[in-house]
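The values are calculated or read from the model by the stated rules, or taken from the named source; none is laboratory data. Nothing here was measured: the structure is a model prediction, and the numbers come from that model. FYI the Cβ positions are ideal-geometry reconstructions off the backbone, even for glycines, and counts take in every protein chain you see.
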Amino acid sequence: MIVPIAGAVLGARGTLRSLRKLPLLARTNFAGREVSLAEGPAAVTAAALGLALAKKPGQAGLTVGIGALGLLDDLYESPEGASKGLRGHFGKLKSGEITTGAAKALGIPLLCLSYSLSVEKPARAIPAAITVAGAANVANLFDLRPGRALKALGLVAAGRLNTAQGKILAASALSLLPEDLRGETMLGDAGANALGALAGLALCEKATPAALWTSACAVTGLTLASEKISFSRVIASVPPLRMLDELGR
């Protein structure tokens, strides 16, 4: 596993250095500071390269596809940000307007289902697809403060270090964490979706059917809860979560 891990680290760092000064990727964060979305393509590169070197080309292609949909949303999302969350995107879709968020909300599950059906029996493919697509979305919900999403992904990786995906996820998250914590770069949809999908793949690897359904229910529950509850508010109101969230900033 040394080669895939090294590939993930080198891919992340090299891509970040190459792209972080591009004006196209400049954004303003929650604190009004300019940050770079170069961390997103760097995360996609890390995940895809690590998986390819681990001889998992199908999963590498899946993370690239998911990351590309996220990057589309990063680059072309309406500046007003009027269509947020599943309710906002599908509300626009009902009125005949296809947002980049809606394209992503439909495209990621379809990509995950297509991949799962190609490698799993239908009974396992459904919860696996839900887990990977749901994890991709949940990771994005945490990408609201410096380091938050990478810390959450790191916790998932720590629990799945017995899998290649868990090791690659840990290496990718640690490689990108310094600039993220300093508020210089952020994952954006591209990075959060790609690394979230990698977390989902780690949860699915070697999982029993019961574990698959548990993971599927967990990510679905978090996604639905996010439509009603502010994760930032919950984190701020629970001291241990707040301490972990602020650690390193």
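What are the residues in segment 161-201 that are polar (S, T, N, Q) and within 23 Å of LEU72 (Cβ to Cβ), if any? Working first, answer last.
Our first condition is that a residue be polar (S, T, N, Q); within segment 161-201, this holds for 162-163, 165, 172, 175, 185, 193.
Residues satisfying the conditions are SER172, THR185, ASN193.
Is there a residue in segment 206-213 that is surrounded by fewer than 23 Cβ atoms within 10 Å (Cβ to Cβ) and under 24 Å from ILE5 (Cβ atoms)? Yes, segment 206-213 contains a residue that is surrounded by fewer than 23 Cβ atoms within 10 Å (Cβ to Cβ) and under 24 Å from ILE5 (Cβ atoms). For segment 78-93, the condition holds for no residue, the condition being that it is at pLDDT 95 or above and not polar (S, T, N, Q).
Condition check ((1) surrounded by fewer than 20 Cβ atoms within 10 Å (Cβ to Cβ); (2) under 16 Å from THR220 (Cα atoms)) across all residues:
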residue: ALA133; (1), (2): no, yes
residue: LEU144; (1), (2): yes, no
residue: LEU150; (1), (2): no, no
residue: LEU153; (1), (2): no, no
residue: ALA171; (1), (2): no, no
residue: LEU174; (1), (2): yes, no
residue: LEU181; (1), (2): yes, no
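List the helices (runs of 4 or more DSSP H) inside segment 146-249, counting only whole elements, that have at least 1 residues being touching a Leu at 6+ places or on another chain (Cβ under 8 Å) and of a type in the set (Lys, Arg).
Working: elements: 148-159, 164-181, 188-204, 209-226, 231-237, 239-246.
Answer list for segment 146-249: 148-159, 164-181.
Considering (1) surrounded by fewer than 23 Cβ atoms within 10 Å (Cβ to Cβ); (2) closer than 28 Å to SER18 by Cα; (3) of a type in the set (D, E, K, R), the lone condition that ASP189 does not fulfil carries the number (1). Taken together, ALA194, ALA158, ALA216 contain a single residue that is out of contact with any Asp or Glu (no Cβ under 8 Å at 6 or more places or on another chain), free of Cβ contacts under 8 Å to residues at least 60 places away in the same chain and not polar (S, T, N, Q), which is ALA158. Among the residues of segment 54-73, those identified as buried (at least 21 other Cβ atoms within 10 Å of the Cβ) and either in contact with a Phe, Trp or Tyr (Cβ under 6 Å, 6 or more places away or on another chain) or among the β-branched types (Val, Ile, Thr) (or both) are LEU62, THR63, ILE66. With respect to (1) without any contact (Cβ under 8 Å) to a residue 60 or more places away in the chain; (2) surrounded by 14 or more Cβ atoms within 10 Å (Cβ to Cβ); (3) among the β-branched types (Val, Ile, Thr), the lone exception for VAL238 is condition (2).
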